[in-house]
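Taken together, the values in this text are just the output of simple stated rules run on the coordinates, not laboratory data. Only a predicted model underlies this, so the values are computations on that prediction, with no experimental measurement involved. Here the Cβ positions follow ideal geometry from the backbone for every residue, glycine too, while neighbour counts run over all protein chains shown.
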Amino acid sequence: AQTVTQSQPEMSVQEAETVTLSCTYDTSESDYYLFWYKQPPSRQMILVIRQEAYKQQNATENRFSVNFQKAAKSFSLKISDSQLGDAAMYFCAYRSSQGGNKLVFGAGTILRVKS
Amino acid sequence: DSGVTQTPKHLITATGQRVTLRCSPRSGDLSVYWYQQSLDQGLQFLIQYYNGEERAKGNILERFSAQQFPDLHSELNLSSLELGDSALYFCASSAGTSGGQETQYFGPGTRLLVL
């Protein structure tokens, strides 16, 4: 079974600075998808960014980018120019390309943004 | 707003009782997923339905059941409730069954408190 590990329970960043959240996963599959979801205090789960494992190019969405290292099974999220609204819990998630679409989530990282 | 709706937002009930959580997927989405978020278990996949049929099962207790109706809305039934069932229950939807551009969009969740 696949597992997702987020080793940082909590991170802090100064407004306008850059922060990187770590995620590693364990799988024997070669084709899969990875996601970062944001959960603000409202508890809504918001998709931040996705990465297909077959793509070598790292995904980017505005101030959010990933560093996908397939061999190392690492999928970190970089947030540039951090804003107060970025404060939230961030979840890394894995989805297999086979046998259904369930998401396997990490434990989450709380991101605090200081003004 | 993800386009996925869930009712009710909050539910308070007693041990031993039965409750029904309702989810309406985004327009055009055929797949519905249920997830449970609790403090001790994190975010866990419960079950997936596609166009009325069960497609995948996760860590769903026998006391829990779900179905998807012809209009594609889904209901999660929780019975013989225990204190440990207190959690945030999310519904998510996606376009189809597997692969490709499948991204799950989450509803706002139903917060269940069992007293």
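Tabulated values for the structure
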item	result
Which listed residue, of B:Gln68, B:Gln48, B:Gln17, is more than 11 Å from every other protein chain (Cβ to nearest Cβ) and in contact with a Phe, Trp or Tyr (Cβ under 6 Å, 6 or more places away or on another chain)	B:Gln68
When residues of region B:32-64 are limited to those that are of a type in the set (Lys, Arg) and surrounded by fewer than 14 Cβ atoms within 10 Å (Cβ to Cβ), the one nearest to the chain's Cα centre (by Cα)	B:Lys57
Enumeration of residues in region A:31-53 that are under 15 Å from B:Glu102 (Cα atoms) and assigned to a loop (DSSP other than H, G, I, E, B)	A:Asp31, A:Ala53
Residue among B:Ser27, B:Ser80, B:Ser2 that alone is over 22 Å from B:Leu115 (Cα atoms), in contact with a Lys or Arg (Cβ under 9 Å, 6 or more places away or on another chain), among the small types (Gly, Ala, Ser) and part of a loop (DSSP other than H, G, I, E, B)	B:Ser2
Any hit, region A:56-68, residues being crowded, with 16+ Cβ neighbours inside 10 Å and not in a strand (DSSP E or B)	yes
Where a residue in region A:41-52 is within 11 Å of another protein chain (Cβ to nearest Cβ) and its partner, wherever it lies, is basic (Lys, Arg), with Cβ under 6 Å and at least six apart	A:Ile46/A:Lys38
B:Ser74 touching a Pro at 6+ places or on another chain (Cβ under 9 Å) and at the interface with chain A (Cβ under 9 Å from one of its Cβ atoms)	no
Which listed residue, of A:Ser82, A:Ser28, is outside any strand (DSSP E or B), over 20 Å from B:Pro108 (Cα atoms) and touching a Lys or Arg at 6+ places or on another chain (Cβ under 9 Å)	A:Ser82
Residue within region B:22-42 that is away from chain A (no Cβ under 14 Å), of a type in the set (A, V, I, L, M) and out of contact with any strand residue (DSSP E or B) (no Cβ under 7 Å at 6 or more places or on another chain) present	no
Of all residues in region B:65-74 being more than 12 Å from the chain's Cα centre (by Cα) and among the hydrophobic types (A, V, I, L, M, F, W, C), the one that is farthest from B:Phe90 (Cα to Cα)	B:Phe69
